[in-house]
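The structure appears right after this line, and notes come after that.
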Amino acid sequence: MGMGKYFGTDGFRGEAGENLTAERAFAIGRFLGAYYEQKKSGAGVRAVIGKDTRRSSYMLEYALVSGLAASGADAYLLHVTTTPSVAYTVRAEGFDCGIMISASHNPYYDNGIKLINADGEKTDGEVISLIEQYLDGIIPTIPYAKREKIGRIIDHAAGRSAYVSYLIALGEFSFCGVKVGLDCANGSTWTIARQVFEALGASVTLVGDEPNGLNINLDCGSTHIERLRQTVLEKGLDVGFAYDGDGDRCFCVDEKGNVLTGDHILYICAKYMKEKGELTGNTVTATVMSNYGLFRSLAELGIGCIRTAVGDKFVCDAMRESACRLGGEQSGHVIFSRYASTGDGILTSLKIMEVMLARGIKASALADGFVFYPQILHNFRVTDQNAVLEDPRVKSVWERANLALADRGRILLRPSGTEPVIRLMAEAETEAVCRFWAQTVIDTVKAVIEESAS
């Protein structure tokens with residue numbers, strides 16, 4: 001699914017009150033209620049809704065559920081909860097659809113409406129384009145439900161509790177005596193993560209657990225890992241986990257303050273799952289942006305890797321097609337398909353705890369055997385992405401660099417899907433080699449861009 005007019009790759013995103021207004025949220029609710037009603041030929045539609053801690057999430061939630069009820073659908077409210085918990089509840093309780101109100105790792109003034117289908121996965125592009133047509137007045141007006149047909153709005157905190165119980169039940173080991181730091185990003189995980197870890201016996205230190213509607217992701221969470229590192233080191237904790245605003249990502253900090261990214265986590269879990277005979281097909285799914293060291297280190301363990309385009313939707317699709325059990329992105333969005341249909345930050349942290357406790361090792365020994373390759377990123381602003389990428393000089397230098405690096409590194413050049421930019425990523429075994437080839441390609445690309453500008 002490409003970028004629609006309102007919906008990007010991850011739902012309707014925008015600044016709350018700017019393009020993502022209460023009126024539009026109401027209209028989305030109106031459309032969804034009618035769409036599923038028609039699909040079920042009047043059998044009664046049930047939608048489940050979650051939200052993060054942003055101030056605007058409350059406004060958008062009420063507008064959305066008013067729209068659903070006005071079209072005759074029943075709306076069940078999970079209140080402040082994580083994206084994966086909505087996906088779980090849809091599947092576990094047979095809802096027609098799920099909706100999450102969140103802009104994930106974005107600042108508080110942004111928000112988003114994420115649509116989840118009955119399988120607990122992202123809603124397909126067909127529904128999205130119909131919603132966009134309705135928002136633009138292309139689809140005719142939808143009649144209002146009347147009398148007993150008006151939908152109900154139901155408090156469903158019990159659904160959130162059921163999800164918490166599900167996570168606790170997945171814990172195979174007691175966490176007694178383990179000192180854990182949790183950075184909840186002042187977001188979705190701020191009560192749930194603690195409940196899960198304390199129920200399993202951990203001694204918990206919390207960071208980013210005082211949401212006020214305006215401080216989600218502010219100097220905390222997986223996008224600002226410094227705060228958790230400091231806490232782990234100052235308090236002598238055994239391990240720390242940082243989540244993002246809506247709780248679908250997780251980064252880990254070991255007892256020495258080293259950060260483990262999504263790539264490290266994929267390596268750690270793949271190695272462990274292979275030993276336990278749980279890595280079906282003996283493969284992991286990752287995106288082309290995962291560190292080259294991940295592919296090399298997995299290959300050394302005899303584990304294959306499916307590479308996809310960037311975006312959790314592509315990872316999900318590839319995993320489904322190949323019945324792969326483990327996949328994810330460098331950003332800490334990791335999918336354990338046996339237990340969840342989307343990335344789940346809390347689940348990811350439980351799985352890392354499992355490896356630590358099963359092996360009886362410290363967090364700093366988790367990623368032993370994983371060699372992280374030095375990386376250089378560079379963006380070029382361009383007017384015409386294709387003209388630059390198709391230029392024979394660019395193609396030739398890019399090819400030459402990749403031949404030289406062979407299986408010891410690579411250079412990736414790709415158009416950004418969201419802005420007029422070409423992104424370069426270079427990786428090699430040493431910093432010097434990485435810098436040399438990155439610079440060689442950068443100089444050529446710059447020359448081509450300057451020439452076309454003059």
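Give the range 133-161 a look and list any residue that's out of contact with any helix residue (DSSP H, G or I) (no Cβ under 7 Å at 6 or more places or on another chain) and within 30 Å of Leu237 (Cβ to Cβ), or say none. Residue satisfying the conditions is Ser161 alone.
Looking only at the range 320-334, decide whether some residue is assigned by TED's automatic domain parsing to the domain that holds Gly245, in contact with a strand residue (DSSP E or B) (Cβ under 8 Å, 6 or more places away or on another chain) and more than 29 Å from Val196 (Cβ to Cβ). So far as the range 320-334 goes, yes, one or more of its residues are assigned by TED's automatic domain parsing to the domain that holds Gly245, in contact with a strand residue (DSSP E or B) (Cβ under 8 Å, 6 or more places away or on another chain) and more than 29 Å from Val196 (Cβ to Cβ).
I'd like the residue in the range 94-146 that is among the basic types (Lys, Arg) and touching a residue at least 40 places away in the same chain (Cβ under 8 Å) and, out of all such residues, is surrounded by the most Cβ atoms within 10 Å (Cβ to Cβ). Checking each candidate, the answer is Lys114. Any chance the range 430-437 includes a residue that's outside any loop (DSSP other than H, G, I, E, B), surrounded by fewer than 19 Cβ atoms within 10 Å (Cβ to Cβ) and small (Gly, Ala, Ser)? There is at least one residue in the range 430-437 that is outside any loop (DSSP other than H, G, I, E, B), surrounded by fewer than 19 Cβ atoms within 10 Å (Cβ to Cβ) and small (Gly, Ala, Ser).
The residues on offer are Glu451, Glu419, Glu399, and the sole one that is acidic (Asp, Glu), out of contact with any Lys or Arg (no Cβ under 8 Å at 6 or more places or on another chain), outside any helix (DSSP H, G or I) and exposed (fewer than 14 other Cβ atoms within 10 Å of the Cβ) is Glu419.
Please work out if Thr418 is more than 33 Å from the chain's Cα centre (by Cα) and farther than 23 Å from Ser297 by Cα. So Thr418 fails the test. Checking each residue in the range 114-132 for being out of contact with any helix residue (DSSP H, G or I) (no Cβ under 6 Å at 6 or more places or on another chain), more than 18 Å from Ala25 (Cβ to Cβ) and not in a loop (DSSP other than H, G, I, E, B) picks out Gly125, Glu126, Ser129. Look at (1) modelled with pLDDT of 95 or more; (2) surrounded by 18 or more Cβ atoms within 10 Å (Cβ to Cβ) and you find that Gly236 fails only one, number (2). Here are some conditions: (1) of a type in the set (Phe, Trp, Tyr); (2) surrounded by fewer than 19 Cβ atoms within 10 Å (Cβ to Cβ); (3) part of a loop (DSSP other than H, G, I, E, B). Phe380 meets all but one. Which one does it not meet? Condition (3) is where Phe380 drops out.
Residues of the range 40-73 that are charged (D, E, K, R), surrounded by fewer than 20 Cβ atoms within 10 Å (Cβ to Cβ) and within 20 Å of Ile131 (Cα to Cα): Lys40 alone.
Find the residue count for the range 330-349, including only residues that are among the aliphatic types (A, V, I, L, M) and surrounded by fewer than 24 Cβ atoms within 10 Å (Cβ to Cβ). Summing the residues that are among the aliphatic types (A, V, I, L, M) and surrounded by fewer than 24 Cβ atoms within 10 Å (Cβ to Cβ) in the range 330-349 gives 1.
Before we move on, is Cys250 touching a helix residue (DSSP H, G or I) at 6+ places or on another chain (Cβ under 6 Å), crowded, with 24+ Cβ neighbours inside 10 Å and closer than 27 Å to Tyr108 by Cα? Yes: the conditions hold for Cys250. Kindly establish whether Ile442 is touching a strand residue (DSSP E or B) at 6+ places or on another chain (Cβ under 9 Å), surrounded by 13 or more Cβ atoms within 10 Å (Cβ to Cβ), of a type in the set (Val, Ile, Thr) and in the same structural domain as Ala202 (by TED's automatic domain parsing). Here the answer is no, as Ile442 does not meet what is asked.
This table checks each residue for (1) farther than 17 Å from Tyr36 by Cα; (2) modelled with pLDDT of 95 or more; (3) acidic (Asp, Glu); (4) in contact with a Cys (Cβ under 7 Å, 6 or more places away or on another chain).
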position: Leu78; (1), (2), (3), (4): yes, yes, no, no
position: Thr82; (1), (2), (3), (4): yes, yes, no, no
position: Ser85; (1), (2), (3), (4): yes, yes, no, no
position: Arg91; (1), (2), (3), (4): no, yes, no, no
position: Cys97; (1), (2), (3), (4): no, yes, no, no
position: Ser102; (1), (2), (3), (4): yes, yes, no, no
position: Pro107; (1), (2), (3), (4): yes, no, no, no
position: Asn111; (1), (2), (3), (4): yes, yes, no, no
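Taken as a whole, the structure leaves Val371 outside the set of residues that are closer than 30 Å to Leu167 by Cα and β-branched (Val, Ile, Thr).
If only residues of the range 197-251 that are acidic (Asp, Glu) and free of Cβ contacts under 8 Å to residues at least 24 places away in the same chain are counted, the one that is farthest from Arg55 (Cα to Cα) is Glu234.
For the range 26-47, check the following and say yes or no: at least one residue is within 21 Å of the chain's Cα centre (by Cα), in contact (Cβ under 8 Å) with a residue 60 or more places away in the chain and not in a helix (DSSP H, G or I).
There is no residue in the range 26-47 that is within 21 Å of the chain's Cα centre (by Cα), in contact (Cβ under 8 Å) with a residue 60 or more places away in the chain and not in a helix (DSSP H, G or I).
Consider the range 146-167 and keep the residues that are of a type outside the set (Asp, Glu) and farther than 20 Å from Val90 by Cβ. The one that is nearest to the chain's Cα centre (by Cα) is Ile150.
Apart from one condition, Asp368 fits all of (1) under 28 Å from Asp244 (Cα atoms); (2) touching a residue at least 12 places away in the same chain (Cβ under 8 Å); (3) loosely packed, with under 13 Cβ neighbours inside 10 Å; (4) over 23 Å from the mean Cα position of the chain (by Cα); the exception is (2).
The values are calculated or read from the model by the stated rules, or taken from the named source; none is laboratory data. Fair warning: this is a prediction, and the values are worked out from it, not measured in the lab. Quick reminder, even Gly has a Cβ in these numbers, built from the backbone with ideal geometry, and neighbours come from all protein chains shown.
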